[in-house]
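**Student:** First the structure, then my questions, so here it is.
The values are calculated or read from the model by the stated rules, or taken from the named source; none is laboratory data. Just so it is clear, the structure is predicted and the values come from calculations on it, not from any experiment. Cβ sites come from the backbone with ideal geometry, for glycine too, and all protein chains shown count toward neighbours.
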Amino acid sequence: MGKKNPKISKYIARPLIRFGIPLSVMGLLLKEGIDINLIKSAFLAFSVIGFLITLINIIPIFKKRLPNYTLQLAGLIGNTSFLGIPIALALLPSTTINFTIGFDLGTTLFAWIFGPFLLQGKSNSDNIPNIKGLLNALINSPASKGIIGVLLAYLFQIDEILGNYLWIPARIVIALAIIIVGTRLGIITNQNESIFDLNEKIKFSISLKLFILPFIIFLISKFLNFNFYQSSAVILQAATPTAISTILMAEAYGVKQKIASKILFTTTLISIFTIPLLKILLNIAN
(Lines give C-alpha, C1' and ligand atoms only; values in the text may rest on other atoms or scores of the structure.)
Protein backbone atom coordinates (compact mmCIF):
# COMPACT_ATOMS: atom_id res chain seq x y z
CA MET A 1 0.00 0.00 0.00
CA GLY A 2 2.84 2.37 0.84
CA LYS A 3 4.53 1.72 -2.48
CA LYS A 4 1.33 2.30 -4.49
CA ASN A 5 0.18 5.41 -2.62
CA PRO A 6 2.79 7.12 -0.38
CA LYS A 7 0.16 9.50 1.06
CA ILE A 8 -2.20 6.80 2.30
CA SER A 9 -0.66 6.62 5.79
CA LYS A 10 -1.26 10.34 6.31
CA TYR A 11 -4.93 9.90 5.32
CA ILE A 12 -5.34 7.17 7.92
CA ALA A 13 -3.31 8.89 10.68
CA ARG A 14 -5.33 12.11 10.89
CA PRO A 15 -8.78 10.60 11.61
CA LEU A 16 -7.13 8.02 13.85
CA ILE A 17 -5.67 10.77 16.03
CA ARG A 18 -8.87 12.81 15.99
CA PHE A 19 -11.30 9.99 16.84
CA GLY A 20 -9.46 6.72 17.53
CA ILE A 21 -7.00 7.78 20.24
CA PRO A 22 -9.64 9.49 22.48
CA LEU A 23 -11.75 6.31 22.32
CA SER A 24 -8.71 4.16 23.18
CA VAL A 25 -7.85 6.32 26.20
CA MET A 26 -11.47 6.13 27.36
CA GLY A 27 -11.52 2.35 26.92
CA LEU A 28 -8.30 1.90 28.90
CA LEU A 29 -9.45 4.02 31.84
CA LEU A 30 -13.01 2.66 31.98
CA LYS A 31 -11.97 -0.97 31.58
CA GLU A 32 -9.26 -1.06 34.24
CA GLY A 33 -10.55 1.48 36.74
CA ILE A 34 -8.38 3.83 38.78
CA ASP A 35 -6.53 3.10 42.04
CA ILE A 36 -3.53 4.53 43.90
CA ASN A 37 -1.01 2.16 42.23
CA LEU A 38 -2.21 3.21 38.79
CA ILE A 39 -1.95 6.89 39.75
CA LYS A 40 1.58 6.47 41.18
CA SER A 41 2.82 4.65 38.11
CA ALA A 42 1.15 7.09 35.70
CA PHE A 43 2.64 10.07 37.53
CA LEU A 44 6.08 8.41 37.49
CA ALA A 45 6.00 7.86 33.71
CA PHE A 46 4.53 11.27 32.90
CA SER A 47 6.93 13.24 35.11
CA VAL A 48 10.10 11.32 34.12
CA ILE A 49 9.40 11.73 30.39
CA GLY A 50 8.61 15.42 30.87
CA PHE A 51 11.75 15.98 32.94
CA LEU A 52 13.99 14.18 30.44
CA ILE A 53 12.60 16.08 27.43
CA THR A 54 13.20 19.35 29.30
CA LEU A 55 16.72 18.22 30.23
CA ILE A 56 17.54 17.23 26.65
CA ASN A 57 16.47 20.63 25.33
CA ILE A 58 18.38 22.75 27.86
CA ILE A 59 21.69 20.82 27.94
CA PRO A 60 23.63 21.43 24.70
CA ILE A 61 25.41 18.05 24.56
CA PHE A 62 22.07 16.19 24.73
CA LYS A 63 20.37 18.61 22.36
CA LYS A 64 23.14 18.04 19.82
CA ARG A 65 22.57 14.29 19.93
CA LEU A 66 18.76 14.54 19.84
CA PRO A 67 18.13 17.80 17.95
CA ASN A 68 14.42 17.32 17.12
CA TYR A 69 11.29 16.23 18.96
CA THR A 70 10.76 13.16 16.77
CA LEU A 71 14.06 11.70 17.99
CA GLN A 72 13.26 12.69 21.58
CA LEU A 73 9.73 11.26 21.63
CA ALA A 74 10.90 8.06 19.90
CA GLY A 75 13.54 7.65 22.61
CA LEU A 76 11.11 8.15 25.50
CA ILE A 77 7.61 6.99 24.48
CA GLY A 78 7.34 3.20 24.56
CA ASN A 79 4.96 0.71 23.00
CA THR A 80 3.36 -0.08 26.35
CA SER A 81 -0.20 -0.60 25.08
CA PHE A 82 0.43 -3.11 22.30
CA LEU A 83 3.53 -4.85 23.65
CA GLY A 84 4.30 -3.81 27.24
CA ILE A 85 0.99 -4.87 28.80
CA PRO A 86 0.98 -8.37 27.20
CA ILE A 87 4.61 -8.84 28.32
CA ALA A 88 3.72 -7.85 31.89
CA LEU A 89 0.75 -10.23 31.91
CA ALA A 90 3.04 -13.04 30.77
CA LEU A 91 5.96 -12.40 33.14
CA LEU A 92 4.52 -10.77 36.27
CA PRO A 93 1.78 -11.52 38.85
CA SER A 94 -1.67 -10.09 38.08
CA THR A 95 -1.38 -7.94 41.23
CA THR A 96 1.02 -5.63 39.38
CA ILE A 97 -1.36 -4.96 36.48
CA ASN A 98 -2.29 -1.48 37.70
CA PHE A 99 1.38 -0.49 37.85
CA THR A 100 1.67 -1.65 34.25
CA ILE A 101 -1.56 0.06 33.14
CA GLY A 102 -0.55 3.23 35.01
CA PHE A 103 2.80 3.47 33.25
CA ASP A 104 1.04 2.96 29.92
CA LEU A 105 -1.47 5.68 30.82
CA GLY A 106 1.27 8.13 31.84
CA THR A 107 3.20 7.68 28.60
CA THR A 108 0.00 7.80 26.52
CA LEU A 109 -1.15 11.03 28.16
CA PHE A 110 2.25 12.69 27.72
CA ALA A 111 2.52 11.58 24.10
CA TRP A 112 -0.93 12.78 23.06
CA ILE A 113 -1.03 15.94 25.19
CA PHE A 114 2.41 17.31 24.33
CA GLY A 115 3.45 15.34 21.23
CA PRO A 116 1.18 17.10 18.70
CA PHE A 117 2.07 20.51 20.18
CA LEU A 118 5.82 19.86 20.11
CA LEU A 119 5.82 18.44 16.59
CA GLN A 120 3.66 21.20 15.10
CA GLY A 121 5.98 24.01 16.17
CA LYS A 122 7.16 26.35 18.91
CA SER A 123 7.29 30.04 19.52
CA ASN A 124 10.20 31.93 18.01
CA SER A 125 11.54 33.20 21.32
CA ASP A 126 14.38 31.07 22.64
CA ASN A 127 12.73 27.90 21.31
CA ILE A 128 10.39 27.86 24.32
CA PRO A 129 6.81 26.71 23.63
CA ASN A 130 4.34 29.59 24.04
CA ILE A 131 1.85 29.30 26.90
CA LYS A 132 -1.23 29.98 24.78
CA GLY A 133 -0.25 27.26 22.33
CA LEU A 134 0.41 24.85 25.20
CA LEU A 135 -3.02 25.49 26.73
CA ASN A 136 -4.68 24.94 23.35
CA ALA A 137 -2.72 21.70 23.00
CA LEU A 138 -3.90 20.53 26.44
CA ILE A 139 -7.52 21.28 25.62
CA ASN A 140 -7.51 19.82 22.12
CA SER A 141 -5.23 16.83 22.62
CA PRO A 142 -6.67 13.35 21.97
CA ALA A 143 -5.75 12.27 25.53
CA SER A 144 -7.59 15.22 27.09
CA LYS A 145 -10.68 14.44 25.01
CA GLY A 146 -10.49 10.85 26.23
CA ILE A 147 -10.30 11.96 29.87
CA ILE A 148 -13.28 14.30 29.39
CA GLY A 149 -15.18 11.35 27.90
CA VAL A 150 -14.36 9.24 30.99
CA LEU A 151 -15.60 11.97 33.34
CA LEU A 152 -18.85 12.24 31.38
CA ALA A 153 -19.26 8.45 31.48
CA TYR A 154 -18.90 8.44 35.27
CA LEU A 155 -21.24 11.43 35.55
CA PHE A 156 -24.00 9.66 33.62
CA GLN A 157 -23.16 6.27 35.23
CA ILE A 158 -22.54 4.49 31.93
CA ASP A 159 -18.88 3.71 32.65
CA GLU A 160 -19.30 -0.10 32.82
CA ILE A 161 -21.21 -0.29 29.54
CA LEU A 162 -18.77 1.97 27.70
CA GLY A 163 -15.76 0.19 29.24
CA ASN A 164 -16.88 -3.07 27.63
CA TYR A 165 -17.88 -1.69 24.24
CA LEU A 166 -14.94 0.66 23.72
CA TRP A 167 -12.57 -2.30 23.42
CA ILE A 168 -14.03 -2.88 19.93
CA PRO A 169 -12.91 0.51 18.48
CA ALA A 170 -9.66 0.17 20.44
CA ARG A 171 -8.85 -3.00 18.47
CA ILE A 172 -9.66 -1.20 15.23
CA VAL A 173 -7.28 1.60 16.25
CA ILE A 174 -4.52 -0.98 16.80
CA ALA A 175 -5.10 -2.53 13.36
CA LEU A 176 -5.07 0.85 11.60
CA ALA A 177 -1.95 1.95 13.49
CA ILE A 178 -0.11 -1.18 12.36
CA ILE A 179 -1.20 -0.50 8.76
CA ILE A 180 0.36 2.97 9.05
CA VAL A 181 3.65 1.46 10.23
CA GLY A 182 3.61 -0.99 7.33
CA THR A 183 2.86 1.65 4.71
CA ARG A 184 5.64 3.89 6.01
CA LEU A 185 8.12 0.99 5.82
CA GLY A 186 6.85 0.33 2.29
CA ILE A 187 7.59 3.92 1.34
CA ILE A 188 11.16 3.60 2.62
CA THR A 189 11.81 0.37 0.73
CA ASN A 190 10.27 1.92 -2.38
CA GLN A 191 12.95 4.62 -2.19
CA ASN A 192 15.69 1.96 -2.26
CA GLU A 193 16.78 2.99 1.23
CA SER A 194 17.71 0.45 3.87
CA ILE A 195 15.66 0.48 7.06
CA PHE A 196 18.95 -0.24 8.87
CA ASP A 197 20.70 2.83 7.47
CA LEU A 198 21.00 4.53 10.85
CA ASN A 199 22.87 7.75 11.60
CA GLU A 200 24.38 8.61 15.00
CA LYS A 201 21.32 10.58 16.15
CA ILE A 202 19.00 7.66 15.46
CA LYS A 203 21.37 5.27 17.25
CA PHE A 204 21.38 7.53 20.31
CA SER A 205 17.57 7.64 20.31
CA ILE A 206 17.50 3.82 20.17
CA SER A 207 19.99 3.61 23.07
CA LEU A 208 17.88 6.04 25.11
CA LYS A 209 14.75 3.96 24.57
CA LEU A 210 16.10 0.48 25.18
CA PHE A 211 18.90 1.03 27.70
CA ILE A 212 19.13 4.50 29.28
CA LEU A 213 15.44 5.04 30.14
CA PRO A 214 14.99 1.60 31.78
CA PHE A 215 18.12 2.24 33.88
CA ILE A 216 16.78 5.63 35.00
CA ILE A 217 13.43 4.03 35.96
CA PHE A 218 15.35 1.31 37.84
CA LEU A 219 17.16 3.94 39.93
CA ILE A 220 13.93 5.86 40.61
CA SER A 221 12.03 2.70 41.62
CA LYS A 222 14.82 1.87 44.09
CA PHE A 223 14.66 5.40 45.49
CA LEU A 224 10.86 5.13 45.87
CA ASN A 225 11.30 1.76 47.61
CA PHE A 226 9.15 -0.21 45.16
CA ASN A 227 9.12 -3.95 45.79
CA PHE A 228 10.55 -6.39 43.23
CA TYR A 229 7.36 -6.87 41.23
CA GLN A 230 6.43 -3.20 41.24
CA SER A 231 9.92 -2.27 40.07
CA SER A 232 9.84 -4.98 37.41
CA ALA A 233 6.49 -3.72 36.12
CA VAL A 234 7.65 -0.15 35.50
CA ILE A 235 11.16 -1.10 34.31
CA LEU A 236 9.81 -3.54 31.72
CA GLN A 237 7.39 -0.87 30.48
CA ALA A 238 10.26 1.61 30.19
CA ALA A 239 12.21 -0.97 28.16
CA THR A 240 9.52 -1.44 25.51
CA PRO A 241 10.38 -0.39 21.94
CA THR A 242 9.27 2.92 20.45
CA ALA A 243 5.52 3.48 20.42
CA ILE A 244 3.37 3.38 17.31
CA SER A 245 2.00 6.77 18.44
CA THR A 246 5.30 8.41 17.40
CA ILE A 247 4.80 7.40 13.79
CA LEU A 248 1.11 8.32 13.92
CA MET A 249 2.04 11.86 14.96
CA ALA A 250 4.91 12.05 12.47
CA GLU A 251 2.54 11.07 9.67
CA ALA A 252 -0.31 13.32 10.76
CA TYR A 253 1.88 16.43 11.04
CA GLY A 254 4.39 15.58 8.29
CA VAL A 255 7.43 15.68 10.60
CA LYS A 256 10.43 13.32 10.21
CA GLN A 257 8.31 10.30 9.25
CA LYS A 258 11.31 8.38 7.95
CA ILE A 259 13.20 8.78 11.23
CA ALA A 260 10.17 7.69 13.28
CA SER A 261 9.67 4.54 11.18
CA LYS A 262 13.30 3.51 11.34
CA ILE A 263 13.46 3.89 15.13
CA LEU A 264 10.17 2.06 15.63
CA PHE A 265 11.21 -0.87 13.43
CA THR A 266 14.74 -1.14 14.84
CA THR A 267 13.82 -0.88 18.53
CA THR A 268 11.06 -3.47 18.06
CA LEU A 269 13.50 -5.89 16.47
CA ILE A 270 16.24 -5.35 19.10
CA SER A 271 13.76 -5.59 22.01
CA ILE A 272 13.16 -9.26 21.10
CA PHE A 273 16.53 -9.81 22.78
CA THR A 274 16.81 -6.93 25.28
CA ILE A 275 13.52 -7.48 27.14
CA PRO A 276 14.18 -11.16 28.05
CA LEU A 277 17.75 -10.20 28.98
CA LEU A 278 16.44 -7.41 31.22
CA LYS A 279 14.03 -9.80 32.95
CA ILE A 280 16.91 -12.21 33.65
CA LEU A 281 19.03 -9.36 35.09
CA LEU A 282 16.12 -8.24 37.31
CA ASN A 283 15.73 -11.79 38.65
CA ILE A 284 19.48 -11.96 39.40
CA ALA A 285 19.40 -8.55 41.10
CA ASN A 286 16.55 -9.72 43.31
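**Student:** Going by what's in this entry, would Thr70 be described as of a type in the set (Ser, Thr, Tyr), over 13 Å from the mean Cα position of the chain (by Cα) and crowded, with 20+ Cβ neighbours inside 10 Å? First the steps, then the outcome.
**Tutor:** Numbers: of a type in the set (Ser, Thr, Tyr): yes; over 13 Å from the mean Cα position of the chain (by Cα): no; crowded, with 20+ Cβ neighbours inside 10 Å: yes.
No; evaluated as a whole, the condition is false for this residue.
**Student:** Then there is this: Considering each residue of region 79-104, count those that are under 17 Å from Ile178 (Cα atoms), of a type in the set (Gly, Ala, Ser) and out of contact with any strand residue (DSSP E or B) (no Cβ under 8 Å at 6 or more places or on another chain), and give that number.
**Tutor:** The qualifying residues number 1.
**Student:** Taking Leu264 as the residue in question, decide whether it is crowded, with 21+ Cβ neighbours inside 10 Å and part of a helix (DSSP H, G or I). It would help to see each step written out before you state the result.
**Tutor:** On the way: crowded, with 21+ Cβ neighbours inside 10 Å: yes; part of a helix (DSSP H, G or I): yes.
Yes: the conditions hold for Leu264.
**Student:** Looking at region 142-186, which of its residues are in contact with a helix residue (DSSP H, G or I) (Cβ under 9 Å, 6 or more places away or on another chain), modelled with pLDDT of 75 or more, over 30 Å from Lys4 (Cα atoms) and among the aliphatic types (A, V, I, L, M)?
**Tutor:** Ile147, Ile148, Val150, Ala153, Ile158, Ile161, Leu162, Leu166
**Student:** Now, a different point. Name every residue in region 78-96 that is hydrophobic (A, V, I, L, M, F, W, C), in contact (Cβ under 8 Å) with a residue 12 or more places away in the chain and farther than 13 Å from Ile235 by Cα, in order of residue number.
**Tutor:** Taking region 78-96 first, the residues hydrophobic (A, V, I, L, M, F, W, C) are 82-83, 85, 87-92.
Add one more test, that the residue is in contact (Cβ under 8 Å) with a residue 12 or more places away in the chain, and what stays is 82-83, 85, 87-88, 91-92.
Residues satisfying the conditions are Phe82, Leu83.
**Student:** In addition: May I ask you to say which residue of Phe226, Phe273 is surrounded by fewer than 24 Cβ atoms within 10 Å (Cβ to Cβ) and in a loop (DSSP other than H, G, I, E, B)?
**Tutor:** Numbers: Phe273 fails: in a loop (DSSP other than H, G, I, E, B).
Exactly one residue qualifies, and that residue is Phe226.
**Student:** Still on this structure: Among Thr246, Thr240, which is among the β-branched types (Val, Ile, Thr), outside any helix (DSSP H, G or I) and closer than 23 Å to Leu16 by Cβ?
**Tutor:** Values: Thr246 fails: outside any helix (DSSP H, G or I).
Being among the β-branched types (Val, Ile, Thr), outside any helix (DSSP H, G or I) and closer than 23 Å to Leu16 by Cβ holds for just one of Thr246, Thr240, which is Thr240.
**Student:** Test each condition in (1) free of Cβ contacts under 8 Å to residues at least 40 places away in the same chain; (2) under 16 Å from Thr80 (Cα atoms) for Leu281 and report the one that comes out false.
**Tutor:** It fails just one condition, (2).
**Student:** Looking at region 25-37, which of its residues are surrounded by 18 or more Cβ atoms within 10 Å (Cβ to Cβ) and farther than 12 Å from Leu109 by Cβ? Steps first, answer last, please.
**Tutor:** Step one: list which residues in region 25-37 are surrounded by 18 or more Cβ atoms within 10 Å (Cβ to Cβ), which gives 25-30, 32, 37.
Within region 25-37, Met26, Gly27, Leu30, Glu32, Asn37 meet the criteria.
**Student:** Give the residue, chosen from Thr240, Thr266, that is closer than 16 Å to Ala90 by Cα and under 17 Å from the mean Cα position of the chain (by Cα). I'd like the intermediate steps shown before the answer.
**Tutor:** On the way: Thr266 fails: closer than 16 Å to Ala90 by Cα.
On inspection, the qualifying residue turns out to be Thr240.
**Student:** State all residues of region 27-45 that are hydrophobic (A, V, I, L, M, F, W, C), within 18 Å of the chain's Cα centre (by Cα) and either closer than 26 Å to Leu155 by Cα or not in a helix (DSSP H, G or I) (or both); if no residue qualifies, say none.
**Tutor:** Those that are hydrophobic (A, V, I, L, M, F, W, C), within 18 Å of the chain's Cα centre (by Cα) and either closer than 26 Å to Leu155 by Cα or not in a helix (DSSP H, G or I) (or both): Leu28, Leu29, Leu38, Ile39, Ala42, Phe43.
**Student:** For region 129-141, name all the residues that are among the aliphatic types (A, V, I, L, M) and either closer than 22 Å to Asn68 by Cα or at pLDDT 70 or above (or both).
**Tutor:** Selection gives Ile131, Leu134, Leu135, Ala137, Leu138.
**Student:** Starting from residues that are of a type outside the set (Ser, Thr, Tyr), under 16 Å from Val25 (Cβ atoms) and surrounded by fewer than 18 Cβ atoms within 10 Å (Cβ to Cβ), keep the ones in region 148-163 and report whichever is nearest to the chain's Cα centre (by Cα).
**Tutor:** Ile148
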